[in-house]
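Report on the following structure.
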Amino acid sequence: MQENDLQNLVQTLDTMSELEKTIGEFYRECAGFFRFDSAFWMSLSQDEALHSGALAKLSQMVRRKPSEYEPGKLSSGSALRTFISRIHSDHDRLKNGTLTMYTALLTAYHLETTMIEFGYADVVKTTNPKCIEALEKLSTASVQHRDKIKEKMKVYRKDPRVSRAR
């Protein structure tokens with residue numbers, strides 16, 4: 001792998017790790033704000049922390065043994081950074097009290113859908129079975145999160161005004 005390709009791959013993995021961490025922080029803040037459903041939000045937050053760690057570990061693996069990896073379909077760094085900025089804006093909206101439980105769930109649903117579109121399993125090409133398995137688990141986890149959030153949305157869709165209170 002050429003040095004430039006290696007740098008692009010590592011940078012993408014590092015930014016994706018940061019993205020997962022940022023999403024986890026948003027979910028953790030939701031857990032504090034929507035205390036009546038904090039277990040739901042904390043579960044998502046903890047999963048995102050694990051995802052962030054897995055991507056950081058993968059980045060280290062690529063750095064250590066670059067010959068085992070090739071860049072796959074990499075999202076642009078600017079697209080990932082823009083997405084992180086959007087999450088910070090959503091976080092601000094939450095802190096300002098402009099998100100209800102339903103709109104926070106809708107935001108989370110969009111976050112997970114976007115993560116699915118980034119296509120974790122396609123970011124790195126490798127024959128390393130542990131790496132392949134980890135990427136597939138990340139992809140599956142995002143789909144599971146999206147579906148879990150969608151189910152929770154049904155509860156609050158009936159009366160989206162419910163849930164502003166802490």
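Each value in this text was obtained by applying a stated rule to the coordinates, not by laboratory testing. Quantities reported herein were computed from a predicted structural model and do not represent experimental measurements. All Cβ positions, even for glycine, are placed from backbone atoms using ideal geometry, and neighbour counts span all protein chains on display.
The table below gives the values:
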quantity: Net charge of neighbours whose Cβ lies under 15 Å from the Cβ of K130, counting Lys and Arg as +1 and Asp and Glu as -1; calculated: +2
quantity: Net charge of neighbours whose Cβ lies under 11 Å from the Cβ of S45, counting Lys and Arg as +1 and Asp and Glu as -1; calculated: -3
quantity: Charge dipole (debye, nearest 20) of region 3-157; +1 at Cβ of Lys and Arg, -1 at Cβ of Asp and Glu; calculated: 340
quantity: Charge context of G119, other residues only, Cβ under 12 angstrom, K/R +1, D/E -1; calculated: -2
quantity: Rg to Rh, two decimals, where the chain supplies the alpha carbon set and Rh follows Kirkwood; calculated: 1.03
quantity: Too-long pairs where the Cα-Cα distance tops 20 Å, listed order kept, from K65/K125; K73/K152; K21/K125; calculated: K73/K152; K21/K125
quantity: Partners for K154 among lysines (Cα-Cα distance below 25 Å; same-chain residues under 8 apart left out); calculated: K95
quantity: Mean Kyte hydropathy of 1.0 or more with a Cα span along the axis of at least 24 Å, helices from DSSP in the chain; calculated: none
quantity: Gap separating the Cα centres of region 96-136 and region 18-43, nearest whole Å; calculated: 15
